[in-house]
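**Student:** Just dropping this structure here.
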Amino acid sequence: MAIISMNKIAVLGLETERKPLLEALMAMGVVQITDSIIEDGSDPDIQKPQITAAVTEYDNFLSNISAALETIRRYVVIKKPMFSVRDTITKSEFSQVLFRREEIMDRIQEINALENEIMVSKSEENRYRSMLLSLEPWLDLNIPLDVSETRTTSFAIGTMPSSLDLSVLEMELADQYPEVALIKAGRDSEYHYLAVVVYKPREAEAMAFLKGKGFNRTGFRDMPGTPKENQQRIHDLLAQNSRQREASVEKIKALASHRRDIEILSDAIKMERSRCEAAGRLLATRAVFMLRGWLPAEMSDKVKTALEKKFLCNVHITQPEKDEETPVLVDNGPVAESIQPVMDMYGVPSSKEVDPSSVTLFFFVAFFGLIIADAGYGLILAIGSALALKLFKMEAGTKRFAKLILFSGLATVFWGIMLGGFFGIEAISEYALWFNPNAPGGTEQMMAYCLLFGVIHLYAGHFMKILNLLCRRQYLDILFDVICPVIMYTGFAMFILPNVPGVDPAMAASLSSLGGTVFLVGLVLTVATAGRSKRGILGKVFGGLPKVYDIIAFLGDALSYLRLLALSLSGAILAGLINGMAGGGGIVFKLTAGLLVLLLGHGINFAMGILGAFVHSCRLQYLEFFSKFLEGGGEAFRPFRANTQYVIIKQEDESL
């Protein structure tokens, strides 16, 4: 459980071997390639390879592949496992897919073309349905829509406000324009739908009159024949359009048999793109190239030997400078690695710090279990996660998280046994191995222990700071910045001990008296030494005064651990209330509604408990624990490797 030591690597190779050498480095997956900088005054022949056009081309390929895979997922039901996991294939299988690259690209283009046809078909369907809606009010009109005139008359179709009385309008027309005839097509709440036949010599003045009455002319383009004839024609077009779309969907389903090959090709192109980007971080001339990076110290000799044996190149390995920051790679065992999801959410420690994974794991699962403190809930967590680890194949990140849930479940079982929690059953709580928090005086006792656990957690953070300072050989800082404040905190805690609920004041009186002395000694030492880096005597004397406020911060940090008490008691009380609700009434109620209340109530309480335990356990690590020692700001080690999405390529030589 430590941060792996890193070495620098520099490779000088032939430009003609650049591509295969990068492929070899990707297969090894242990070298992080850094961006090389062209220094001022360098030979003008030294350049960085131009990769913009190639990366753009790869992005276009990946966009087409992604669109094809999304199309397949849209139309073909693909059964997925409970946990997403990549398939493992051999290098020869991978090479066979690459050999058929052009064929697979043709299938991709075919799928995308079919999807475009479907999109056009849907657009046409919307247009046809819009046309049907526009024809709906005119279906009773038995006049061709494409006829606008005869030799002596003109036709116009349009709408008039429904509030207009057509009988009055017809009388006015008969009186003033007897050459005009209105043909009623339909009516709705807003409009009258009309066709107007007018004698050509009177057309202009008659249409002006109708316009003054609210007539709004309407036209239908590309609709020969009567409205009903057009309606039938559009229905026929919709049916034809639907058949064509169904045929396209069937073709896509048939092409879905190539999905695996398309996924493998997608990963292959992503690998090519990564190698192209890596090439952009090198320095090169027409004949040679220079690569710089980092690798684990333990892999240095193997990488050097492998590269120099296979390629005509020179590999130079050097150690970093004394105070130089290196990429951070944490080496944890099968247990400690489970805390990595929690660590990743916070950030990366500095390469000069001690890895806090093991200590963080212990306190995380301890607080997680204490918050839930129900052996029944813990058994569900532990057994469920254990079965998942046993029965399902998982990616590394998912497996680590499942382990974390397993350990948290076991801790929950432990605290449930110690505190008598088992699905909130009150009768079982009497057999608590330690004490029952719900018994008289139990709450105060639980409060005292939560404060104690908090102080232990805070002191563990100060101990981790001592380890970090030891690594840097800052021995005086250990004494003045850690030990002196801890003496002050310890004295303060001893001094206020009689006021802590659940603590016998008489028994704590002697400790309190001693604590006052310890507190004063620690306070004087802390204030006297905290300003040692300040300039001038006054700066050194008064520079330590702000440290007095740290006492309040220490008290606030300790009190924040009372959330363990609050969350634990709330979950236990809610579980008891659920049991009480389900246990009321007669036998019929208990076997029907009561059983439903039990399942639903405990399900909700269980889910809320897990969420609260995870969030607040993380919070105690991030804000109370890490703040005491973890500087962070490190850069994660990101080796140049095949970061595939769908498959894992099994290398023939796995010595690296």
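**Student:** Largest first, how would Phe423, Phe640 line up by accessible area (1.4 Å probe)? Kindly include the intermediate steps, with their values, before the conclusion.
**Tutor:** Details: Phe423 60, Phe640 15 Å².
Of Phe423, Phe640, the descending order of accessible area is Phe423, Phe640.
**Student:** Continuing with the same structure: Return the whole-Å distance between the Cα centroid of region 581-639 and the Cα centroid of region 260-313.
**Tutor:** 45 Å
**Student:** How far, in degrees from 0 to 90, does helix 101-135 lean away from the longest principal axis of the Cα atoms of the chain, to the nearest 10?
**Tutor:** Its long axis makes an angle of about 50 degrees.
**Student:** I've got another one for you. Take the Cα radius of gyration of the chain and divide it by 2.2 N^0.38 Å, with N its residue count; two decimals is plenty.
**Tutor:** Numbers: Rg = 39.3 Å, N = 656, 2.2 N^0.38 = 25.9 Å.
Ratio of Cα Rg to 2.2 N^0.38 Å: 1.52.
**Student:** Applying the Karplus parametrisation 6.51 cos²θ - 1.76 cosθ + 1.60 with θ = phi - 60° to the phi angles of region 495-500, what ³J(HN,Hα) value in whole Hz is obtained for each residue in order, glycine and proline being reported as x?
**Tutor:** Values, residue by residue: 5, 8, 4, x, 8, 7 Hz.
**Student:** Further, regarding this structure: Find the Cα radius of gyration of region 128-279, compare it with 2.2 N^0.38 Å by division, and give the number to two decimals.
**Tutor:** Values: Rg = 27.4 Å, N = 152, 2.2 N^0.38 = 14.8 Å.
Normalised Rg, Cα atoms only: 1.84.
**Student:** Follow-up. Treat each spin label as a single point 7 Å out from the Cα along the C-beta direction, and report the Leu312 to Leu164 distance in nm.
**Tutor:** Simple spin-label model gives 9.3 nm for this pair.
**Student:** Largest first and to the nearest Å, give the Cα extent of region 109-207 along each principal axis.
**Tutor:** Between the extreme Cα coordinates on each principal axis of region 109-207 lie 69, 34, 21 Å.
**Student:** What are the residues whose amide H is under 5 Å from the amide H of Asp146, where those residues sit 5 or more places off or on another chain and H is modelled from the backbone?
**Tutor:** Gly225
**Student:** Here's a follow-up. Once you have the Kirkwood Rh of region 519-656 from its Cα pairs, apply Stokes-Einstein at 25 °C and 0.890 mPa s and quote D in µm²/s.
**Tutor:** Working: Rh = 21.6 Å.
Diffusion coefficient, whole number: 114 µm²/s.
**Student:** Right, another one. Expressed in nm², what is the orientationally averaged projection area of the convex hull enclosing the Cα positions of region 590-656? Walk me through the intermediate numbers first.
**Tutor:** On the way: hull surface 42.8 nm².
For region 590-656, averaging the hull's shadow over all directions gives 10.7 nm².
**Student:** OK, next. Ignoring ligands, DNA and RNA, what accessible area per residue does the chain give at 1.4 Å, in Å²? Present the calculation step by step, with values, prior to reporting the outcome.
**Tutor:** Details: 35350 Å² over 656 residues.
About 54 Å² of surface per residue is accessible.
**Student:** When the convex hull of the C-alpha atoms of region 132-172 is computed, what volume per residue in Å³ does it have?
**Tutor:** On the way: hull volume 4.4 nm³, N = 41.
Cα convex hull per residue, to the nearest whole number: 108 Å³.
**Student:** Rounded to whole Å and sorted largest first, what semi-axes of the equivalent ellipsoid does the C-alpha gyration tensor of region 248-351 yield via the square root of 5 times each eigenvalue? All intermediate terms of the calculation are to be shown ahead of the outcome.
**Tutor:** Values: eigenvalues 261, 142, 40 Å².
For region 248-351, the semi-axes come out at 36, 27, 14 Å.
**Student:** Roughly what angle does helix 357-372 make with the longest principal axis of the chain, taking Cα atoms, 0 to 90 degrees, to the nearest 10?
**Tutor:** 70 degrees
**Student:** Another question, if that's okay. Please report, to two decimal places, log10 I(q)/I(0) for region 520-582 at q = 0.12, 0.15, 0.28 Å⁻¹ as given by the Debye formula with identical point scatterers on the Cα atoms and no solvent.
**Tutor:** Here the Debye-derived log intensity ratios amount to -0.52, -0.61, -1.05.
**Student:** Once you have the Cα-Cα distance between Glu430 and Arg535, take 0.36 nm times their residue separation minus that, and quote the gain in nm to one decimal. Please list the in-between numbers first.
**Tutor:** Working: separation 105, 0.36 × 105 = 37.80 nm, distance 6.28 nm.
Residue separation times 0.36 nm, minus the Cα-Cα distance, leaves 31.5 nm.
**Student:** In the chain, what percent of the accessible surface is made up of carbon and sulfur (1.4 Å probe, ligands and nucleic acids excluded)?
**Tutor:** Numbers: 21040 of 35350 Å².
Here it works out to 60 percent.
**Student:** So what is the 222 nm mean residue ellipticity for the chain from helices alone, if each DSSP H run of at least 4 adds -39500 (n - 2.57) and you divide by all residues, rounding to the nearest 500 deg cm²/dmol?
**Tutor:** Details: 21 runs with 361 residues, N = 656.
The helix-only estimate for the chain comes to -18500 deg cm²/dmol at 222 nm.
**Student:** Right, next: Give the dimensionless ratio obtained when the Cα radius of gyration of region 1-108 is divided by 2.2 N^0.38 Å. Please report the intermediate quantities before stating the final value.
**Tutor:** Numbers: Rg = 20.1 Å, N = 108, 2.2 N^0.38 = 13.0 Å.
Expressed relative to 2.2 N^0.38 Å, the Cα Rg reads 1.54.
**Student:** Additional query: Can you work out D for region 146-203 in µm² s⁻¹ from Stokes-Einstein, where Rh is the Kirkwood radius over C-alpha pairs, the temperature is 10 °C and the viscosity is 1.306 mPa s?
**Tutor:** Values: Rh = 12.0 Å.
Translational D for this selection: 132 µm²/s.
**Student:** Subtract the Cα-Cα distance of Glu70 and Ala10 from 0.36 nm times their separation in residues, and report this length gain in nm to one decimal. Intermediate results must be reported in sequence, preceding the final value.
**Tutor:** Working: separation 60, 0.36 × 60 = 21.60 nm, distance 4.16 nm.
Extending this stretch completely gives an extra 17.4 nm.
**Student:** Among the GluC sites (Glu not before Pro) within region 36-136, which fall in a DSSP loop and have no more than 12 other Cβ atoms within 10 Å of their own Cβ? Show your work: numbers first, answer last.
**Tutor:** Details: sites: Glu39, Glu57, Glu70, Glu93, Glu102, Glu103, Glu110, Glu115, Glu117, Glu124, Glu125; in loops: Glu39.
Taking region 36-136 and a limit of 12 other Cβ atoms within 10 Å, the loop GluC sites (Glu not before Pro) found are Glu39.
**Student:** Roughly how tilted is helix 300-310, in degrees to the nearest 10 and between 0 and 90, from the longest Cα axis of the chain?
**Tutor:** Helix 300-310 sits at roughly 50 degrees to that axis.
The values are calculated or read from the model by the stated rules, or taken from the named source; none is laboratory data. Given the structure is predicted, the values throughout are model-derived calculations rather than measurements. Positions of Cβ are backbone-derived with ideal geometry, glycine not excepted, and every protein chain shown enters the neighbour counts. Ligands, DNA and RNA are excluded from the accessible area calculation, which covers all protein heavy atoms including side chains. Shrake-Rupley method; radii C 1.70, N 1.55, O 1.52, S 1.80 Å.
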